[in-house]
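No lab work stands behind these numbers, since they all come straight from the coordinates. Fair warning: this is a prediction, and the values are worked out from it, not measured in the lab. All Cβ positions, glycine included, derive from the backbone under ideal geometry; neighbour counts span all protein chains shown.
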Amino acid sequence: MSDTTTKIIKAGLKKRYAKEKRFRFFGLMSIVISFVFLLVLLISIFSKGWSAFQQTYVKLDVELNEEVLGINKFSNKDALFSARYKKIIKNSLKKKFPGVKGRKQKRALKNLVSKSAQYELRDKVLKDPELLGTTQSFWFLAKDDVDVFMKGNIDRTLPESNRRIKDYQLAWIDQLIAEDRLEKRFNTQLFSASDSREPEQAGLKGALMGSLFTMLVTLSLSFPIAVAAAAYLEEFAPQNNRWVDLIEVNINNLAAVPSIVFGLLGLAIYIGLFGVPRSTPLIGGLVLTLMTLPTIIIASRAAIKSVPPSIKQAAVGLGASRVQVLFHHTLPLAMPGILTGTIVGMAQALGETAPLLMIGMVAFVAEVPGSIMDPATVMPVQIYLWSDSPERAFSERTSAAIMVLLAFLVMMNLIAIVLRKKFEQRW
Amino acid sequence: MTDLIGTLPGMVKSSLESEENKLPVVETRDEFDVEISGTIGKPLVQNAKMSSRNCDVFYGDKQAIFNINLDIGKNEIIAMIGPSGCGKSTYLRVLNRMNDTIPICRVTGEHTLDGEDIYAAEQDPVLLRARVGMVFQKPNPFPKSIYDNVAYGAKLHGLATNRSELDDLVEASLIKAGLFKEVKDDLLMPGTGLSGGQQQRLCIARAIAVDPEVILMDEPTSALDPIATATIEELMDELKENYTIAIVTHSMQQAARVSQRTAYFHLGKLVEVNDTNTVFTNPEHKLTENYITGRFG
Amino acid sequence: MPIQTLLITLIALLLFSFFIGSKRSIAVSSVRKGRRNLHSRPNYYGFMVAIWAGLPAIFILILWSVFNSSIVTSLTIAGLPEGMQIQSKDELGLFINEIKNLSSSGNIESESDLVKKDAAFHYQKLEEISTLAKTTLVFVIALLGMLFGRSLVKPETRARNMVETVVRWAMIMCASIAILSTVGIVMSVLFESIRFFNAVPPADFLFGTHWSPQTSMRSDQVGSSGSFGAIPLFVGTLLISAIALIIAVPLGLMAAIYLSEYASSAVRSFAKPTLEILAGIPTVVYGFFAALTVAPFFRNMGESIGLSVASESALAAGLVMGVMIIPFVSSLSDDVISAVPQAMRDGSYGMGATKSETIRQVVIPAALPGIVGGILLAASRAIGETMIVVMAAGLSAKLTINPLEAVTTVTVQIVTLLTGDQEFDSPKTLAAFALGLGLFVITLMLNIAALHIIRNYREQYE
C-alpha cells in the first residue's frame, strides 16, 4: 500500500469513527427511549392505582331505635330484612351534625357515607337481633368523594366553586378527622365485591371470577386441540399434501388476524348461528380459544420438533406404533415446551379485550358469576368499563385493576420462564 | 517428490470429507503421539513483512494457539497446512485482527507489520485491515452489484475522489483479479449471481481494490471446483509480484503448487516451517511426515 | 336432565365401557405360554368399546344442541295464533325473545297477556320434550354403541389399529380447526356484508367521504338514512398506523441492531426481556395510558405553545400504539438480522469497514427483505389494533391528515356500532361487518405478503 493511500485512509478515520459512535448512540438511545416509555407507563399507573388499595371508612354512632325501624328483636326475618335502616343512618348523621339546613346540605350530609351502609347495618342486625334498641359505633364505608379527599386528591385551596367538596362538607370532614372517626384501611372491598355503580363499593371479584371461568373454558378447549394439531402436523402429516399446506398457511394467518375480527366471528357464528348465550364465559372462552390456538400450536410444534428422532426411532425399533411413540415418548418429552407456550397463550388471552366487547361481555354485571353460563365480564373489560366512568374514584380503581391484572400476567410469565429454565433440555 | 504427490489425491479427498464434521482429529495411536517442542525448520526470515513472536490465542478459558513464532517474508506466498482444528485459520485471523470481532477471543504476543506493532493501542484495526486484506473460505460477495462490491472498500476509505477514478479503480481491480473480461458487460448485476469461482475472484478483486500490502486467504478454493481452483491459483501466482500472501489450505497439492514456504500446524502449535520443497520431500518432524503422507488429517 | 348431569353420566358410562371392554378381552382370550392370544393390549379393547359408546352419542348430542334452539323457536312460532304469524320478522323476533325471557324467569303465571302466556307455556313444554328426547336418544345410542363395541371384542380384532385410526382422525380434525376458523371468519363477515351492500351501494361505502351511521328508528325523522362513506375511517386508520410505524420502526430496528450487534451479553440478557414486557402489556392498559396520560399531556403542551391539540388527538393514540409495536418490530428485525451470515460481516470487516459501516451497508441491505416483511406485519397489527384507539381516538369521522386532530378508525367504529343497543338487521349493525370485511381483507393481504417475503428471505440464507 502506498503511503498516499495510507494517508487518505488515516485522514478519513476520525470522521468515520465519529459516525460509528453516533450510530451506536442512536441504538442505545432507542432502547433507552423504549425503557423510559415503559417506566413512565408503569409509574403513571402505579402512582394512580396504589391508593385504591386503601379505602376510607367512617365511624358512626347508630341508635338502633326499634320505633324508627318498626321492628323488635322478636320480628321475623322478613321484617328484619326490610326495615328502614336508611333512616337510622340518616338520623345518626343528623345527630352528629345538628343544624344542617336546606335540601342541598342535607343531601350532602347523607352522602358522607356510602349507600351500602344501610345494608351493612341490616346484615349486622340480622346476625344479632339483640343489637336492637342499643346504640352502637360502627365503621361504614365512606362515600367516594370523602375517600378522594382523604387521599389528598382534592385541593382545599381551590375556590369553592371549583371543587367537588364544598366548605361545609370540609368542615364536617375536619370534625370527623379530629374525632378519629375517619380512617383509611386496606381495601378488602376491591377483592370481595363485584362491580357497582358506586365507586366506593365497586370491586373486582366478579371480573376475576369471570376471567377465571373464561380462562378455564379457553384452556380446556385450546390445549388439547392445539397439542393434537401440533402433533399431527409434526409427526403424522404427509409431506406436500394440499390440505396440510392449507392448514399451515391458515395457522400462520390466524396468528396475525386482528383480534376484533374474532369478535365478529363470535357474534355472527357462535351467537347468531349456534345460539350460544351472549355475555357468558362460555362464549368468551370459545372466541379466545380460536385466538390462542395459533400461539399454542406454533410453540408446541417447536417443542415436538426438538425431541430428538433417536428416541422416537428407539421406540419404533421396540415395536411401538406411531401413536404409542407419540403418547409414550414425544409428548411427555415435549411437555415443558408445550406448557410454556400454553401459559404464554393464556396470558395473551387474559389480557384480550376487543373481541369480548363484540360478544356482550361489556355489560354491567353486578353479580359474581357462578358458572360458565352466567353473564360475566373479565378483568380487561372491567378496566375498560371503569376507565370510561367519569368519577375520580373510578380512575384510581382502574389503575388498581390494571395493577392486579399485571400482577397475574407477571406471575404467569414467571411460571413460564421457570418452567423453561427448569426443564430445558439440550439433547 | 512427484511420486509422493501423485499418490495424494485419494488421501486429500478423504481429508476433505472429514472436514465436514469439523471435529479436531485426536489420534492416540503411539506413532502419532509425538511431543511437539518448539518449531523446527526456518520460521524466521530476513526480509519479514509480518512477524509474530510468542503468539497465544484464547477463546474464553480454552487456549487455541500455543506460542507461535513466525515471519512472513515480503512478496512470498506462505502456505499454512494442518488437520482441522489445528489453529491455522485462527492464526491467520490474528494477522489482521479479525479476532477482535469475537468478544471472547484474546490474543497475546507481539505481532508486527513492517516493524509496527499491529496490536498497539494507537494502531487502528480499520487501517490495518485495509493494509492486510482477507479472502474467505466461502465466497461472500455483498448483496450489491458487482461494481459496488469492488468499489465498497474504496468508497469506505475515500480512496476515489470522483466517479471516473472509481470506475478506473474498479476496472483495474477486476482486471488484476482476472474477472474483468467475464463481467465487463454486467457490472450492475448482483454479485451473488456469479458462479462460485467468479464470486471468489470478485472477493479477491474487492480485496485488492483497496491496495493492500498483504492478502490473507482462508481456504479460498475449498468451496470451488477444480477448474475454478486452477484459475485462482494462477491468479495467486501473478499477485505475488505485488503482494505478500498467506494462504491457509487443506489441499497439500495446492500448498505445493503455489507457495514458497509451508508451515505445518498441529493442535494449536506450529510444528514445522520450511521451504515448500523441503516440507513435502523431506519433512523433519514425524507429525509433518505423517500428515503429508496421509496417515491422518 | 340438565346438560352438566348428562355429560357427567355420559363420562361415567364411557369409563364403564372401557372397563367392560378390557375385561371382556381378557375373558375371550386364551393363555398360551403365559401370553394371551390378543391382537392388542386389553386397554385398547377398552378404548375401542368406549369409542363405540361415546362417539355416536356425542355426535348426536352436538347436532341436537346446535339445532335445538332454531327448531324449538320455529315450532313455537308455528303454535302462535294466526294473527301473530304474519308479523314482520323483527317484531316476531322481539316477541320470541320476550317469551324466552318469560319462560326462563320462572313465573309465567303472573303474565297478563294471554297470548304470551300460552306461547310461553308452549315454549316451555317444547323445551322439556326436547331435553327429554335428547337425553333418551343420547343414552340409547350410547348403550347400543357399547353393546356393539363389546360384541366386537375378539382375540383377532385389531383394536389398537382401530383406536389409533380414531386418534389420528381426531388429530386431523383438530388441525383442520385452523381452516374452519378462517372459513368462519370469512363467512361471518361476508354474508352480513352482502346484506349491507344490498342496502347501501358498495360505491357509496368505498368512495363516500361522509360517515354518520346513526340511522333513526322512524323514517320520518331528520337524517333518517345514515351515510356510510368509509373513506374517513380508512384515512383515520392509516393516519394513526402511520404515526405508530414512524415511531416503532426506527426505534425497534435500532434497538434490534444495538442488541444484536453491540450490546454485551449481560446487557442483552437484561434488555431483551425488558423490551418484551412492552409486548406483554394488555392493549387495554395502553389505551388507558393513552387516554389518561398521553393525550392530556399533548393537549397541555399544545396549549402552552399556542397550538390547538384535540383531547383525542391521533398523535396520542399513534404514539402509544407505536410504543406497543416496538418489541414486535425489534424481535422480528432481530431474527432477520441474525439470519445474515457471519461470513458477510467478516467480508466487510476484512476490508477495513467499521461496525456501523458494516451494519448500514452490508447487514441491513442483506436483511432488507426480512425487515420489510416485519414492517408489513407490524403495519397489519397497527391497523387491526382496537383498544388503544377505542379509548384514545375520537368517535367522529373527520377526513383529515392532521395528527393533532381527532380522527376515528375502522376498529373504533366496529366497536361503537356493535356495542350498546343494536338491531340485528339495520344497516348500522351490518355496516360493522362490512368494515370488518375491509379490515380482514387488508390485514390478510399484508400478512400473506409479509409471510411470503420472510419465507423467501429465510430460504435465501439457509
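Per-structure values
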read-out	value
Lys, Arg +1 and Asp, Glu -1 on Cβ, resulting dipole of chain A about Cα centre, debye, nearest 20	1460 debye
Test item: Cα-centred dipole of the protein assembly as shown, Lys/Arg +1 and Asp/Glu -1 on Cβ, debye	3260 debye
Extreme residue, positive dipole direction of chain C, given options C:LEU132, C:LEU332, C:VAL183 (C-beta unit charges)	C:LEU132
Relative contact order (percent, whole number), chain C, Cα cutoff 8 Å, 6+ residue spacing	16 percent
Sequence ranges C:56-69, A:402-415, ranked by mean other-Cβ count within 10 angstrom, highest first	A:402-415, C:56-69
Number of partner chain Cβ atoms within 10 Å, mean per residue of B:118-127	3
FRET E, pair C:ARG158, C:ARG195, Förster distance 60 Å, beta-carbon r, rounded to 0.05	0.70
Test item: Cα-centred dipole of chain C, Lys/Arg +1 and Asp/Glu -1 on Cβ, debye	2780 debye
Ordering of B:232-243, C:374-385, B:75-86 by packing [mean C-beta count within 10 Å, highest first]	C:374-385, B:75-86, B:232-243
Cβ-Cβ FRET estimate between A:PHE327 and C:SER338, R0 fixed at 45 Å, reported to 0.05	0.80
Helix B:226-239 axis, angle to chain B major axis (alpha carbon atoms, nearest 10°)	80 degrees
Burial order of peptide ranges A:236-245, C:334-343, B:210-219 (average beta-carbon count within 10 Å, highest first)	B:210-219, C:334-343, A:236-245
Burial ordering of C:SER227, A:SER192, fewest other beta-carbon atoms within 10 Å first	A:SER192, C:SER227
Over 21 Å between alpha carbons, listed pairs C:LYS33/C:LYS154; A:LYS73/A:LYS110; A:LYS21/B:LYS49; A:LYS94/A:LYS115; A:LYS10/B:LYS176; C:LYS23/C:LYS154	A:LYS73/A:LYS110; A:LYS21/B:LYS49; A:LYS10/B:LYS176
Given charges at Cβ of Lys, Arg, Asp, Glu: segment A:205-423 dipole, positive-most of A:VAL381, A:THR295, A:ALA334	A:ALA334
Cα lying deepest toward the dipole's positive end in segment C:227-461, options C:VAL441, C:ALA353, C:THR400, charges on Cβ	C:ALA353
Rg over Rh [alpha-carbon atoms, Kirkwood Rh] for chain C	1.11
10 Å Cβ neighbours from other chains, averaged over peptide C:62-70	2
Residues whose placed amide H lies under 5 Å from that of B:VAL248, excluding near-sequence neighbours	B:MET80, B:MET217, B:ASP218, B:GLU219
10 Å Cβ neighbours from other chains, averaged over peptide C:181-193	6
Acute angle (nearest 10 degrees) that the helix B:196-208 long axis makes with the longest principal axis of chain B, alpha-carbon atoms	80 degrees
Nearest-ten-degree value, helix B:8-19 long axis tilted from longest Cα axis of chain B	80 degrees
222 nm mean residue ellipticity, helices alone, for chain A (DSSP H n ≥ 4; -39,500 (n - 2.57); rounded to 500)	-19500 deg cm²/dmol
Label point distance in nm, B:ASN54-C:ASN300, each placed 7 Å from Cα along Cα→Cβ	6.6 nm
For chain C, calculated [θ]222 nm from helices alone, where every DSSP H run of n ≥ 4 adds -39500 (n - 2.57)	-25000 deg cm²/dmol
Separation in nanometres of the label points that stand 7 Å from Cα toward Cβ, at C:ARG36 and A:MET373	4.0 nm
